[in-house]
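Visitor: Let me begin by handing over the structure; questions about it come next.
What follows is calculated from the coordinates using simple rules that are stated; it is not laboratory data. The model shown is predicted, which means the values in this text are computed figures rather than measured ones. For neighbour counting, all protein chains shown are included, and Cβ atoms are generated from backbone atoms with ideal geometry for every residue, glycine included.
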Amino acid sequence: MAYVISDECVSCGTCEGECPVGAISEGDDKYVIDADTCVECGTCSEACPTGAIVEE
């Protein structure tokens, strides 16, 4: 299961820099994770200061 970013995202960008495969990008109102690129490592979830990244 890929990770997803919930509405709790404050668009700080921390997760984007932590993703080892570049699966995270800035969306219209929050950051988004490309499920096809995500390797499910959980690094982004651990780095998120608001806990907005969860397993799908």
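Visitor: Report the Cys residues of the chain lacking a disulfide-compatible partner, meaning no second Cys Cβ under 4.7 Å from their Cβ.
Guide: Taking the Cβ cut-off of 4.7 Å, the unpaired cysteines of the chain are Cys9, Cys12, Cys19, Cys38, Cys41, Cys48.
Visitor: What is the diffusion coefficient of the chain in µm²/s, taking the Kirkwood radius over Cα pairs and the Stokes-Einstein relation at 25 °C with a viscosity of 0.890 mPa s? Intermediate results must be reported in sequence, preceding the final value.
Guide: Details: Rh = 10.7 Å.
Diffusion coefficient, whole number: 229 µm²/s.
Visitor: Can you pull the one-decimal nm distance between simple spin-label points at Cys41 and Met1, each 7 Å off the Cα toward Cβ?
Guide: 2.1
Visitor: Separate question: For every helix of n ≥ 4 consecutive DSSP H residues, a contribution of -39,500 (n - 2.57) applies; sum these over the chain, divide by its total residues, and give [θ] at 222 nm rounded to the nearest 500 deg cm²/dmol.
Guide: One gets -3500 deg cm²/dmol as the mean residue ellipticity at 222 nm.
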